[in-house]
Each structure stands twice: as structure tokens, then as C-alpha cells.
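Working notes, beginning with the structure itself.
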Amino acid sequence: MIKKAIANSMQKSPWLYHVNTGSCNGCDIELVACLTPRYDVERFGFKLAGSPRHADIVVVSGPITSQSKERLLRTLEQVPEPYCIVTLGSCPQSGNVFKGSYSVEAPIDKFCHVDVAIAGCTVKPEAVIAGLYKATEILKKKREAMNK
Amino acid sequence: MEYLKILFNILVFPGCLFVGAMGLLLSGIDRKVLARMQKRVGPPIIQPLYDFLKLLGKETIVPKAANRKVFLGAPVVGFAALVVTAALIPVLGYRAFEGSADLIVLLYLLTIPAVALIIGGSSSGNPYAGIGISREMVTMMSYELPLICIFLAVAKKVGGSTLCFSLSQIAAYQQANGSLIGCVSLIPAAAAMLLVIPAEVGTQPFDVAEAETEILEGPLIEYSGAPLAVFKLNTSMKMYIMTALFSALFLGGLATGVTALDVLIQVLLCIALTLICMTTIHAVTARLKIEHLFKFYWTVVAGLAALSLVLVWLGF
């Protein structure tokens, strides 16, 4: 019963950690907009955490420049299990307008798994909320899989 | 039978279970009301319970640079100290343990959770935690002086010619002569106590030690999983303990003598005090710098407490 309660809580209290891998700041602002009184994601229990050790959902924005790739991987290694990776905007998925640049490692799925990809340039706050909510459902499933 | 009663007191009623539940309830109400003050919907009131259970279900990582035993032991020490503190504080009229120098013991017990945070943070080996613990130490020093003055003022008022440090006698005095907040000489001390509560708990304007936007939660930065859950629970429990201590010192006259009714009144008082001295101040202020916090506590708050002390000594 406690394990079931923990799995349920996993969905109800996801803490976000935001990694900017060379983003233009557009998507970052839209993510912060979700925390404002207008959209208020805290009603689902979302909270912005300062340290990757506290994170449940890692939000990645930006086209992953060669410089930031290593830092991104090092950050992901520090997140305790179970956690989800959500990409913000088109950049991490395809490289967007930066595609083909010598300094961009774009598709993120080359070096880590992605649970939810939110498309858009920039993303809409409504889309961010929908995507993050989907990530919480995946989190719960991951925790239930750990119970078995 | 005697031992069973002590066990019950520590584990269930004024101790562990009760104070844990009250702490989670108070921090849930704090978050909800804060959200409503900012025109947000806010999380459900049981959100802190979700956070606690979720953190229990996360992996616990111990950093390579950390001292494993100290790193994992620190939150438990803080938790144990808070449970004992809660068992010592009377729930209005109801009193689990008797003692003749409770206030002095309380003064020491209340520093243990902060010291546990400092030890845990310093054992993690993170530079941000280093900044956090130095700030935590300064915060501790700044609210300790006013707190001692407040305790002395109350002890002098109740004891008369001798100082009275027993919480039972303070409660008995208030039941006979009305709440201490009604005395003119103790009103500045009560105001000072209301300002000490947020610093002790570590809420918004005084949360310099755990400032998550600048030093990423300071001492807690390397914690994950169950130890982090215990630290978060400790913070919530401090909310209940400090508000309960305020009502024990200044509002003891409200006791009715019926235990169930007393508990209900205590719960309502704690909620009201949380809203007054934590949520409202949180909603209208921004975080102070550490030197401003120190200056504020050693001038304004300590001044209020000292004024009260002088008035009591002069016999008002």
C-alpha cells in the first residue's frame, strides 16, 4: 500500500530542473511563464528545483552545443532514479535553424533517452503544461516498474 | 504502564506522529494561502505529504566526497531532537513531561536541528553547501539572542523574585492570571517572538541559508531521496513547534482543561500564527542579505525583547 502511495505521489509532486544547452532564451521564458499566476503549474505540484539531486523531471532546452553536451550528460548522471527527460522546443529535437552548424550536436536522442518532446519555436505555455503533465504519468509508470 | 505512556507520548500524541502530521498540515496551508495571496490556484493542502512520499521513493545518492555516516545521520539527529522538543512543549493545558527547567532545555534542543543541517551540509563536500552553512550559522546566532531575552522576560514575569523556567508553571500561572500577552510589559517580547519564528523555521525573507535562487538550497544541495525527505519534514515540524511554543508562552490562558478541546484550539492557534508570521511576511517581502538579517535581529528584534526584559524587571 505504501508503495502504491509513493507511486501516486510521484505523479503529484514532480520537481523540475532546467538545463539550458545554448537556447536563445525564448523557451526558457515560456517555461518560467508557466510558473506565473496566469498558468500556475504549482497547482499540479510542479516546483522549480535548484539542484539536479532534487529533480524528477529534467527539462532540456537549446540545440545542445558541443561545449554544453558534456555538461548536459554530467548533469543527467547526477539525477536520482526515477526521472524523466523533457525537451523544450524544436532545437533539441532537430537543431532547428542551427542544424548543420559545426558546433551543434542537435538530435538529443543520439546520447540520451527522451520521454516527452514538446514541439514549437517557441513553445506555448499550454503545450509545456500538457507535456509536463504527460511526463508525470510516465514518472508514475517508471516508479511502478521499480516496485516489481 | 508507565513506560507505555511515555512511549505513546513520544511516538504518537505530542511526539512523532502528531507533530509530523501538524507540520505537513501547516506547510500545506502556508503554500495554499501564499498561492491565493498571489492570485494563483496553488497546490492542494496535502501537497507536502505528496512531496514527502515522493522523496522516500527516490534513489538516495551519497556523493563521493561526502562522509557517508555523517551525511546520512545528520537528518535523523535533527528529526529526533525535534520529536523530543515537541514532546516537551505543552499542548495548551495538556502536558506530557514535567520538568523544572524546560525553557533552558528547549533552548538547547532548538539549536540541534540547525546544527544537524550545518553538519550534514558540511559533510557533503559541496562549495554551495559551504556558503549555506556559514549563512545558517550567522542566522542561528542572530535569532538566539532575542530568543534568550524573551525566555528570560517570561521567566521573570512568572517567577517573580526567582526565575521560573518550568513550562507547567508558566501554563498554571496563565490559567490563573490570564494570558501573558495581556501584560503590557510582555507585548514587545511577543512581537519579537513573532519575528523570531520565521528565522527559526527559515521562511522567505529570512531563508538566506537555503536561498534556492542564489545558492541552490545551500546545505541541502547534495541531498536526495529519503534524507532530503527527512530534512523537508524537519522544516515543516519546526513550523508547528515554534508556533506551539509561542502559544505556550503567551496564549496559555486560552486553555479550557478539556484535552480534546485544547488540542483543537492549539491547532487553530498554530494555523493562525503560521498565517500571521510566515505566510503574510513571505508574500510581501523579498529575501534579505545575510548582513541585513544579522543587523535586523541584533537591533530591532533584540531591542524589542530587551525592552520587555527591562520592563518586567522594573515590575510592570
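Can you confirm whether the range B:90-109 contains a residue that is of a type in the set (Phe, Trp, Tyr) and within 30 Å of B:Ser224 (Cα to Cα)? It would help to see each step written out before you state the result.
So in the range B:90-109, the residues of a type in the set (Phe, Trp, Tyr) come out as B:94, B:97, B:108.
Keeping just the survivors that are within 30 Å of B:Ser224 (Cα to Cα) gives B:108.
There is at least one residue in the range B:90-109 that is of a type in the set (Phe, Trp, Tyr) and within 30 Å of B:Ser224 (Cα to Cα).
Residues in the range A:98-106: is at least one closer than 30 Å to B:Leu55 by Cα and acidic (Asp, Glu)? Spell out the reasoning first.
Taking the range A:98-106 first, the residues closer than 30 Å to B:Leu55 by Cα are none.
There is no residue in the range A:98-106 that is closer than 30 Å to B:Leu55 by Cα and acidic (Asp, Glu).
Of all residues being out of contact with any Gly (no Cβ under 8 Å at 6 or more places or on another chain) and within 24 Å of B:Ile271 (Cβ to Cβ) in the range B:34-62, which is farthest from the other protein chains (Cβ to nearest Cβ)? Just the residue, please.
B:Met37
From the list B:Leu103, B:Leu109, B:Leu117, which one is buried (at least 17 other Cβ atoms within 10 Å of the Cβ) and free of Cβ contacts under 8 Å to residues at least 60 places away in the same chain? Break it down stepwise before answering.
Numbers: B:Leu103 fails: free of Cβ contacts under 8 Å to residues at least 60 places away in the same chain; B:Leu117 fails: free of Cβ contacts under 8 Å to residues at least 60 places away in the same chain.
Checking each option against the conditions leaves just B:Leu109.
Search the range A:119-137 for residues that are under 22 Å from A:Pro107 (Cβ atoms) and in contact (Cβ under 8 Å) with a residue 12 or more places away in the chain and pair each with any residue that is surrounded by fewer than 20 Cβ atoms within 10 Å (Cβ to Cβ) and small (Gly, Ala, Ser) when their beta-carbon atoms are under 7 Å apart and the residues are at least 6 apart or on different chains.
A:Gly120/A:Ala127; A:Thr122/A:Gly26
Okay, residues lined up against (1) under 21 Å from A:Lys124 (Cβ atoms); (2) within 13 Å of the chain's Cα centre (by Cα):
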residue: A:Val41; (1), (2): yes, no
residue: A:Gly45; (1), (2): no, no
residue: A:Ile64; (1), (2): no, no
residue: A:Gln67; (1), (2): no, no
residue: A:Arg74; (1), (2): no, no
residue: A:Cys84; (1), (2): yes, yes
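Here's the yes/no breakdown for (1) surrounded by fewer than 24 Cβ atoms within 10 Å (Cβ to Cβ); (2) under 25 Å from B:Leu24 (Cβ atoms); (3) modelled with pLDDT under 80; (4) within 14 Å of another protein chain (Cβ to nearest Cβ):
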{"site": "B:Cys183", "(1), (2), (3), (4)": "yes, no, yes, no"}
{"site": "B:Pro188", "(1), (2), (3), (4)": "yes, no, no, no"}
{"site": "B:Val201", "(1), (2), (3), (4)": "no, yes, no, no"}
{"site": "B:Thr213", "(1), (2), (3), (4)": "yes, yes, yes, yes"}
{"site": "B:Pro219", "(1), (2), (3), (4)": "no, yes, no, yes"}
{"site": "B:Tyr223", "(1), (2), (3), (4)": "no, yes, no, yes"}
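Quick one: in the range A:1-23, which of the residues that are in contact (Cβ under 8 Å) with a residue 24 or more places away in the chain and of a type in the set (A, V, I, L, M, F, W, C) is nearest to the other protein chains (Cβ to nearest Cβ)?
So in the range A:1-23, the residues in contact (Cβ under 8 Å) with a residue 24 or more places away in the chain come out as A:3, A:6-8, A:10-23.
Subset that is of a type in the set (A, V, I, L, M, F, W, C): A:6-7, A:10, A:15-16, A:19.
Values: A:Ile6: 4, A:Ala7: 7, A:Met10: 5, A:Trp15: 8, A:Leu16: 12, A:Val19: 14 Å.
This residue is A:Ile6.
For B:Ile131, which of the numbered conditions (1) among the aliphatic types (A, V, I, L, M); (2) assigned to a helix (DSSP H, G or I); (3) away from chain A (no Cβ under 14 Å) fails to hold?
For B:Ile131, the exception is condition (3).
Restricting to the range B:154-194, give me the number of residues that are assigned to a loop (DSSP other than H, G, I, E, B) and among the hydrophobic types (A, V, I, L, M, F, W, C).
Number of matching residues: 4.
For residues that are within 7 Å of chain B (Cβ to nearest Cβ) and under 20 Å from B:Pro63 (Cβ atoms), scanning just the range A:35-55, find the one that is modelled with the lowest pLDDT.
Residues of the range A:35-55 that are within 7 Å of chain B (Cβ to nearest Cβ), as a first pass: A:37, A:40, A:42-43, A:45, A:50-51, A:53-54.
Right, trim to under 20 Å from B:Pro63 (Cβ atoms) and you get A:50-51, A:53-54.
Numbers: A:Gly50: 83, A:Ser51: 87, A:Arg53: 88, A:His54: 89.
Only one residue fits best here, namely A:Gly50.
Against the definition (within 14 Å of another protein chain (Cβ to nearest Cβ) and either assigned to a loop (DSSP other than H, G, I, E, B) or under 28 Å from A:Glu42 (Cα atoms) (or both)), how does A:Thr122 come out, yes or no? Outline the logic, then answer.
Working: within 14 Å of another protein chain (Cβ to nearest Cβ): no; either assigned to a loop (DSSP other than H, G, I, E, B) or under 28 Å from A:Glu42 (Cα atoms) (or both): yes.
When the stated conditions are applied, A:Thr122 does not pass them.
Taking the condition within 14 Å of chain A (Cβ to nearest Cβ) and touching a Pro at 6+ places or on another chain (Cβ under 6 Å), does B:Phe231 pass? So that I can check it myself, show each step before the final result.
On the way: within 14 Å of chain A (Cβ to nearest Cβ): yes; touching a Pro at 6+ places or on another chain (Cβ under 6 Å): yes.
Considered against the rule, which asks whether it is within 14 Å of chain A (Cβ to nearest Cβ) and touching a Pro at 6+ places or on another chain (Cβ under 6 Å), B:Phe231 comes out as yes.
Residues that are under 29 Å from B:Ala129 (Cα atoms) and free of Cβ contacts under 8 Å to residues at least 12 places away in the same chain: list the helices (runs of 4 or more DSSP H) wholly contained in the range B:199-301 that include at least 2 such residues.
Details: elements: B:226-250, B:259-274, B:280-284, B:290-296.
In the range B:199-301, the matching helices (runs of 4 or more DSSP H) lie at B:290-296.
Test of understanding: among A:Leu73, A:Leu31, which residue is surrounded by 22 or more Cβ atoms within 10 Å (Cβ to Cβ) and more than 14 Å from chain B (Cβ to nearest Cβ)? Break it down stepwise before answering.
Numbers: A:Leu73 fails: surrounded by 22 or more Cβ atoms within 10 Å (Cβ to Cβ).
So the residue among A:Leu73, A:Leu31 that is surrounded by 22 or more Cβ atoms within 10 Å (Cβ to Cβ) and more than 14 Å from chain B (Cβ to nearest Cβ) is A:Leu31.
Testing B:Glu144 on (1) over 20 Å from the mean Cα position of the chain (by Cα); (2) under 22 Å from B:Val208 (Cβ atoms); (3) crowded, with 17+ Cβ neighbours inside 10 Å, one condition comes back false. Which one is that?
Of (1) over 20 Å from the mean Cα position of the chain (by Cα); (2) under 22 Å from B:Val208 (Cβ atoms); (3) crowded, with 17+ Cβ neighbours inside 10 Å, only one is false for B:Glu144: (1).
Restricting to the range B:63-76, what's the tally of residues that are out of contact with any Gly (no Cβ under 9 Å at 6 or more places or on another chain) and of a type in the set (A, V, I, L, M)? Write out each step before concluding.
Initially, the range B:63-76 is screened for residues out of contact with any Gly (no Cβ under 9 Å at 6 or more places or on another chain), giving B:68-69, B:76.
Filter once more, keeping what is of a type in the set (A, V, I, L, M): B:76.
Counting residues in the range B:63-76 that are out of contact with any Gly (no Cβ under 9 Å at 6 or more places or on another chain) and of a type in the set (A, V, I, L, M) gives 1.
The values are calculated or read from the model by the stated rules, or taken from the named source; none is laboratory data. Please read these numbers as outputs of a predicted model, since none were measured by experiment. Cβ coordinates were reconstructed from backbone atoms using ideal geometry, including for glycine residues, and neighbour counts include every protein chain displayed.
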